[in-house]
Amino acid sequence: MATTTVHRIFNFAAGPAVMPLSVLEEAQRDLLALPGVGMSVLEISHRSKTFEAIIQQAEADVRELAGIPPDYHVLFLQGGASLQFSMVPMNLLPAGATADYVVTGAWGQKAVKEAKKVGTVNVAATTEADNFTRLPAAGEVKLTAGAAYVHYTSNETIHGVEWKTDAVFGDAPVVCDTSSNMFSKPLDISKYALIYAGAQKNLGPSGVTLVIVRDDLLARSPQTLATMLNYNTHTKEKSLYNTPPTFGVYLVGLVMKWIKGLGGLSAIGAINGRKAAKLYAEIDRTGFYRGHAAKECRSNMNVTFRLPSEELEAEFVKQAKAAGLDGLKGHRSVGGLRASIYNAFPEEGVDALVALMREFERTKG
Ligand SMILES: *Cc1c(COP(=O)(O)O)cnc(C)c1O
């Protein structure tokens with residue numbers, strides 16, 4: 001097959017986001033006919049042996065990468081992380097109980113908003129007063145005795161604030177939205193009761209949501225829940241109760257293989273650490289650029305920063321786009337710039353951004 005000569009820019013978008021080139025090439029190569037099948041992965045039945053093998057392999061690779069203990073289920077669902085904001089309390093928050101939420105950014109706030117529609121929520125901590133520039137100190141987290149669970153967001157995509165390790169909050173089961181840093185570094189699944197992540201940041205395309213749930217949590221789901229909203233439906237049918245997002249599952253599987261090929265989560269964690277360190281070093285080099293998040297809470301995935309004025313920020317985004325660096329405009333609620341440098345974002349792109357930042361400061365600083 002002729003090599004493609006398409007021109008790819010550096011895509012700093014927050015999600016959907018850049019995918020590994022080798023994964024896109026493999027998907028493209030096999031798009032018309034999966035080897036030995038003669039049909040596209042887009043056309044095969046989700047009940048076929050071929051798809052069964054694809055979803056089983058994707059699950060096996062997720063399990064192997066993260067060292068997932070056998071008493072956890074791995075699910076490929078739809079509805080995005082946003083549906084999990086509702087499904088988590090619908091399944092895990094019984095009447096009369098309280099769920100604790102630790103809020104460190106906009107996504108945590110949205111999770112709280114949905115949970116409040118279902119039951120009693122205690123915002124155990126929020127750093128909103130500081131414009132979500134930091135994580136709460138342990139002493140600031142006011143937990144409920146006997147809480148149904150405690151929910152937090154491992155990486156706040158909009159504010160660029162990340163928990164560096166698996167956070168621990170008292171004894172309640174931990175539920176975590178890991179949408180924007182899932183599999184960006186090693187994690188200890190046994191610390192969590194339930195983890196969820198929309199795939200479109202670090203795991204694959206939009207349309208598929210990875211949910212990892214410990215078996216003992218499943219007894220909580222009320223019988224009256226709509227079938228599709230009950231985790232038990234999906235654990236019993238191994239994500240095949242209805243038509244799953246077949247193409248998304250296939251691509252997540254390819255991305256898992258790609259991470260394994262790089263050496264697994266420790267290896268990708270080291271690469272991600274190096275990429276982020278380069279960018280933060282440039283931000284800190286002089287006073288021209290200013291990081292949004294406090295240094296010890298900075299995200300390795302979403303690097304948020306400001307320039308001396310909004311005019312300069314707009315000019316920087318414009319120059320960057322012209323130079324093939326796209327998606328750098330920050331979220332409107334934070335302003336400034338945001339460089340999303342997920343797993344698949346190439347290190348050369350970080351180098352290109354650093355070079356542009358230097359040149360921009362030299363000419364405008
Ligand atoms: C993107 C994102 C979401 C929303 O994901 P959808 O799949 O669009 O619903 C939720 N939480 C975090 C941390 C995110 O980054």
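Cβ neighbours within 10 Å, averaged per peptide: list 152-162, 95-105, 57-67, 135-145 in order, most packed at the top.
Sorting 152-162, 95-105, 57-67, 135-145 by mean packing, highest first, produces 152-162, 95-105, 57-67, 135-145.
Please work out the FRET efficiency for the pair Ser333 and Ser22, using the Cβ-Cβ distance as r and a Förster radius of 41 Å; give the result to the nearest 0.05.
After rounding, the FRET efficiency stands at 0.75.
Quick one: Karplus J couplings for the stretch 268-279, per residue in order, coefficients 6.51, -1.76, 1.60, θ = phi - 60°, nearest Hz, x for Gly and Pro?
Karplus values, whole Hz, x for Gly and Pro: 5, x, 5, 4, 4, x, 5, 4, 5, 4, 4, 6.
Along Cα→Cβ, 7 Å out, is where each label goes; now give me the distance between the ones at Leu31 and Arg8 in nm to one decimal.
Distance between the two pseudo-spin positions: 1.4 nm.
Using a basic spin-label model with each label point 7 Å from the Cα along Cα→Cβ, how many nm lie between Lys191 and Glu43?
According to this spin-label approximation, the distance is 4.7 nm.
Quick one: if you stick a label point 7 Å off each Cα along the C-beta vector at Ala219 and Thr165, how many nm between them?
3.2
For a label point 7 Å from the Cα of Thr50 along Cα→C-beta, name the residues of the stretch 1-42 whose backbone N is under 20 Å from it.
Once the point is set 7 Å along Cα→Cβ of Thr50, 1, 23-42 turn out to lie under 20 Å by backbone N, inside the stretch 1-42.
Which of the peptides 309-319, 82-92 is most tightly packed, and how do the rest follow, judged by the mean count of other Cβ atoms within 10 Å per residue?
82-92, 309-319
Can you tell me how much longer the chain between Met228 and Gln57 gets when fully stretched, taken as 0.36 nm per residue apart minus their C-alpha distance, in nm with one decimal?
Using 0.36 nm per residue and subtracting the Cα-Cα distance, I get 59.2 nm.
Can you pull the Rg over Rh of the stretch 265-364, Cα-only, Kirkwood?
Here the Rg-to-Rh quotient is 0.94.
Please give the length that would be gained between Lys113 and Ala138 if that part of the chain were fully extended, namely 0.36 nm times their separation in residues minus their C-alpha to C-alpha distance (nm, one decimal).
Contour length minus the Cα-Cα distance gives 6.7 nm.
Straight distance only, please: which lysines reach the Cα of Lys364 with their own Cα at less than 29 Å, same-chain residues fewer than 8 apart left out?
Hits, sequence-local ones excluded: Lys275, Lys278, Lys295, Lys318, Lys321, Lys329.
Once you've got the GNM for the chain with C-alpha springs shorter than 10 Å, pick whichever of Leu217, Leu240, Leu31 has the biggest mean-square fluctuation.
Answer for the Gaussian network model of the chain: Leu31.
With θ set to phi - 60° and the Karplus curve 6.51 cos²θ - 1.76 cosθ + 1.60, what are the ³J(HN,Hα) couplings of the stretch 335-343 in order, to the nearest whole Hz, using x for Gly and Pro?
Result, ordered by residue: x, x, 10, 9, 9, 8, 10, 5, 2 Hz.
Using a/c under 1.5 as the rounded threshold, could you call the chain rounded, prolate or oblate? The axes a ≥ b ≥ c are square roots of the C-alpha gyration tensor eigenvalues, and prolate needs a/b larger than b/c, oblate otherwise.
Oblate.
Calculate, in nm to one decimal, what Asp71 and Ala277 gain on full extension: separation in residues at 0.36 nm each, minus their alpha carbon distance.
70.5 nm
For a Förster distance of 25 Å, can you work out the FRET efficiency between the beta-carbons of Leu240 and Ser206, rounded to the nearest 0.05?
0.80
FYI, it's all coordinate maths here, none of it is from the lab. Model, not experiment: these values are computed from the prediction. Neighbour counts run over all protein chains shown; Cβ positions are idealised from the backbone, glycine included.
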